[in-house]
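Below is one structure; the comments refer to it alone.
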Amino acid sequence: MRKLLTFLIALAAITPASADTVTSTFDFGPAYPERIAFLMLTCKTCHGARSVIVNGVELKRDVTSGGAEVAEIWSGPLPDGSGALDVTFNGDYPLADADVGAGAANNPPEPRPISRVISTLTGQREYAIDAKDGDVVLSVSSGGDTFATSTEPPWHEVEFGHLRSAAWNIRRDSALTISGPSSVSVVAVYR
């Protein structure tokens, strides 16, 4: 069984378009002691999120790129809660044009649990990554085409609004080259 249980299902905002706080729900799958939640956000004018809270747990922003037009990856432990969980995004600017994807890893962990972000890259069109067996690699961009790789195709890709995201479950130690669709691309490697 691979590490990613669910991944990158677009969330629909359910608050007014001009709000700087957006709430929604997302099913991160069954509870698991070492489950990690991931949230990806892109927007053209919102300057990113100030905080992201899932089921009462505040996530950490692992990587961000851009100014008003931004791409971000957030993550944090999410051991409790099954089914649709509350997700709250807070920003200093209206989040009207934000597109968000979400997912979770580690159900069950193979070959080991994901415990931390080990590398982040921003603002390039191509990324060279020294990936190890069991790593999870996430890439997010605002606009442009889909991602391309030199070694293996993404395990999952999504295009929603101006969010472009891809995920790789690394199955062997390898050099992974990712071509990003725009200059606000961000990449995070979790091990």
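Going by accessible area, probe 1.4 Å, with all protein chains left in place, what is the ranking of S119, S65, largest first?
Largest to smallest exposure gives the sequence S119, S65.
Show log10 I(q)/I(0) for region 120-191 at q = 0.11, 0.12, 0.14, 0.25 Å⁻¹, two decimals, from a solvent-free Debye sum over equal Cα scatterers.
-0.22, -0.26, -0.35, -1.12
With every protein chain left in place and a probe of 1.4 Å, what is the accessible surface of K44, to the nearest 10 Å²?
We get 90 Å² for K44.
Please list, in chain and number order, the residues 5+ apart from V63 or on another chain whose amide H is under 5 Å from its amide H, with Hs placed from the backbone.
When sequence neighbours closer than 5 places are left aside, the close amide H contacts are I73.
Taking 1 over the mean of 1/r across every pair of different Cα atoms in region 34-191, what Kirkwood radius in Å do you get?
About 15.6 Å for region 34-191.
I'd like the accessible area for R164, computed on protein heavy atoms only with a 1.4 Å probe and all protein chains in place. Round to 10 Å², please.
Roll a 1.4 Å probe over it and R164 shows about 40 Å².
The values are calculated or read from the model by the stated rules, or taken from the named source; none is laboratory data. On a predicted model such as this, the values are computed, not experimentally measured, just so you know. Remember, those area values only see protein heavy atoms, side chains included, never the ligands or the DNA or RNA. Shrake-Rupley method; radii C 1.70, N 1.55, O 1.52, S 1.80 Å.
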